[in-house]
Amino acid sequence: MGGAIGMAARRTGAANRVVGAADNAETIERARLKGAVDDASVDLRAAVQNADLVILCVPVRTILDAAAAVIPSCREGAIITDIGSSKGVIVREIEHLIQKSKAKVSFVGSHPIAGSERKGIDAADLVTLDHAPCVITPTQQTDIEAYRKVDEFWKALGLRTYRMPPDEHDAVLARSSHLPHIIAAALISMQTDRSLEISGPGLRDTTRLAGSDPAMWTDIAEQNATEVAKSLKELGQEVLSLANEVEMLSRQGTPGSEAARERLFRFLADARQRHDKRFVEKPKEPEKPEEEAEAGDLTGPIQ
């Protein structure tokens, strides 16, 4: 994601200069060759010293460590954001770090929802930012000007921005992002060697996310454990209900079988309609609020 953001920022002119940080010279060289950075360093603190906007593009388990490292090195007035898939813990802890250190910087939580199951600078080309959703998670402590600048930055890269509180983000993303990753793994896990061998595009496409980094997704599930567990239980109830309907189909010629067939058809038809509306039809721009949010009202409805 970091590479994709850097490439987009340079291509669109959203940033005058992009300075990256990586833990080895090889990654830095590949980032330069891809056009993801103007310059880069293995020294994280040095890389952020003159930055107006610092984006923490690291796994959720290391975002807090990265924030702790850069906060003292940022210039006065700098804005820090992140791309973490969970927000509640990250936002609360980074706001606490800034308050405790009395640093004159701002933090605005972000989550551009555009990654792939692959990681690293070589996967930057697989990320499509244009028209992808990006959730921004301000709190009562968020500086309104910092929020607006982060919002403008993501929009400049072509993303559609939404605003919601960190905990609401975690509840929503548990369903739409975290749950699909775990279910993809579950579908692969329940296959026999024979069924896995005799499979086609249906299983491959449905379980693409099972190719994701297991360490990263274990960390995400841990940070958002309550909501992910809740979503898994809700899905389990849905699956059991479907199992009962399908089992009823075996009783052909009975009123119960015909009713079950109708319910299953309606379920599948509704799922197809909702799928096509979101992923096939041209996405609509988020509705604009009638009035701009005031400084103390950054946790209102999605916009």
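The values are calculated or read from the model by the stated rules, or taken from the named source; none is laboratory data. Bear in mind the structure is a predicted one, so any value in this text is a computation, not a measurement. Cβ placement follows ideal geometry from the backbone for every residue including glycine, while neighbour counts extend to all protein chains displayed. The area values use the complete protein model at the heavy-atom level, side chains included, leaving out ligands, DNA and RNA. Shrake-Rupley method; radii C 1.70, N 1.55, O 1.52, S 1.80 Å.
Give just the number: which of (1) in contact (Cβ under 8 Å) with a residue 40 or more places away in the chain; (2) surrounded by fewer than 20 Cβ atoms within 10 Å (Cβ to Cβ) does ASP38 not satisfy?
So ASP38 meets the others, but not (1).
Here's the yes/no breakdown for (1) within 19 Å of the chain's Cα centre (by Cα); (2) modelled with pLDDT of 95 or more:
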position: LEU179; (1), (2): yes, yes
position: ALA184; (1), (2): yes, yes
position: SER189; (1), (2): no, yes
position: LEU196; (1), (2): no, yes
position: GLY202; (1), (2): no, yes
position: SER212; (1), (2): yes, no
position: TRP217; (1), (2): yes, yes
position: ILE220; (1), (2): yes, yes
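Would you confirm whether or not segment 133-141 contains a residue that is surrounded by 19 or more Cβ atoms within 10 Å (Cβ to Cβ), part of a helix (DSSP H, G or I) and of a type outside the set (Asp, Glu)?
Within segment 133-141 (the criterion being surrounded by 19 or more Cβ atoms within 10 Å (Cβ to Cβ), part of a helix (DSSP H, G or I) and of a type outside the set (Asp, Glu)), the answer is no, since none of the residues qualifies.
Of all the residues that make up segment 144-156, how many are in contact with a strand residue (DSSP E or B) (Cβ under 8 Å, 6 or more places away or on another chain), touching a residue at least 40 places away in the same chain (Cβ under 8 Å) and either assigned to a loop (DSSP other than H, G, I, E, B) or not small (Gly, Ala, Ser) (or both)?
5
In the set ARG32, ARG61, ARG45, which member is touching a strand residue (DSSP E or B) at 6+ places or on another chain (Cβ under 8 Å), open to solvent by 20 Å² or more (accessible area, probe 1.4 Å) and not in a loop (DSSP other than H, G, I, E, B)?
Exactly one of ARG32, ARG61, ARG45 is touching a strand residue (DSSP E or B) at 6+ places or on another chain (Cβ under 8 Å), open to solvent by 20 Å² or more (accessible area, probe 1.4 Å) and not in a loop (DSSP other than H, G, I, E, B), namely ARG32.
Out of the residues in segment 222-234 that are within 18 Å of the chain's Cα centre (by Cα) and open to solvent by 100 Å² or more (accessible area, probe 1.4 Å), state the one that is nearest to SER116 (Cα to Cα).
Checked segment 222-234; the qualifying residue nearest to SER116 (Cα to Cα) is GLU222.
What are the residue pairs meeting all of these: first residue in segment 257-282, first residue in a helix (DSSP H, G or I), second residue modelled with pLDDT of 95 or more and open to solvent by 100 Å² or more (accessible area, probe 1.4 Å), Cβ atoms under 9 Å, and 6 or more apart or on different chains?
Taking only residues 6 or more apart or on different chains, the pairs are ALA260/GLU247.
So which pairs qualify, if the first residue must be in segment 7-22 and free of Cβ contacts under 8 Å to residues at least 40 places away in the same chain and over 15 Å from ASP122 (Cα atoms), the second must be open to solvent by 20 Å² or more (accessible area, probe 1.4 Å) and of a type in the set (Lys, Arg), the Cβ gap must be under 7 Å, and the two must be at least 6 apart or on different chains?
VAL18/ARG10
Does segment 70-87 include one or more residues that are under 30 Å from LEU33 (Cβ atoms) and assigned to a helix (DSSP H, G or I)?
yes
Would you check if there is a residue in segment 149-162 being touching a helix residue (DSSP H, G or I) at 6+ places or on another chain (Cβ under 9 Å) and among the acidic types (Asp, Glu)?
Taking every residue of segment 149-162 in turn, none turns out to be touching a helix residue (DSSP H, G or I) at 6+ places or on another chain (Cβ under 9 Å) and among the acidic types (Asp, Glu).
Which condition number in (1) open to solvent by 10 Å² or more (accessible area, probe 1.4 Å); (2) modelled with pLDDT of 95 or more; (3) outside any helix (DSSP H, G or I); (4) touching a Ser or Thr at 6+ places or on another chain (Cβ under 7 Å) is the one that TYR162 fails?
Condition not satisfied by TYR162: (4).
I'd like to verify a number: residues in segment 87-130 that are at pLDDT below 95, of a type in the set (Gly, Ala, Ser) and open to solvent by less than 40 Å² (accessible area, probe 1.4 Å), how many?
Residues that pass the stated criteria total 4.
Considering only segment 165-198, state which residues are polar (S, T, N, Q) and either open to solvent by 60 Å² or more (accessible area, probe 1.4 Å) or within 18 Å of HIS111 (Cβ to Cβ) (or both).
SER176, SER177, SER189, THR192 - these are the residues of segment 165-198 that are polar (S, T, N, Q) and either open to solvent by 60 Å² or more (accessible area, probe 1.4 Å) or within 18 Å of HIS111 (Cβ to Cβ) (or both).
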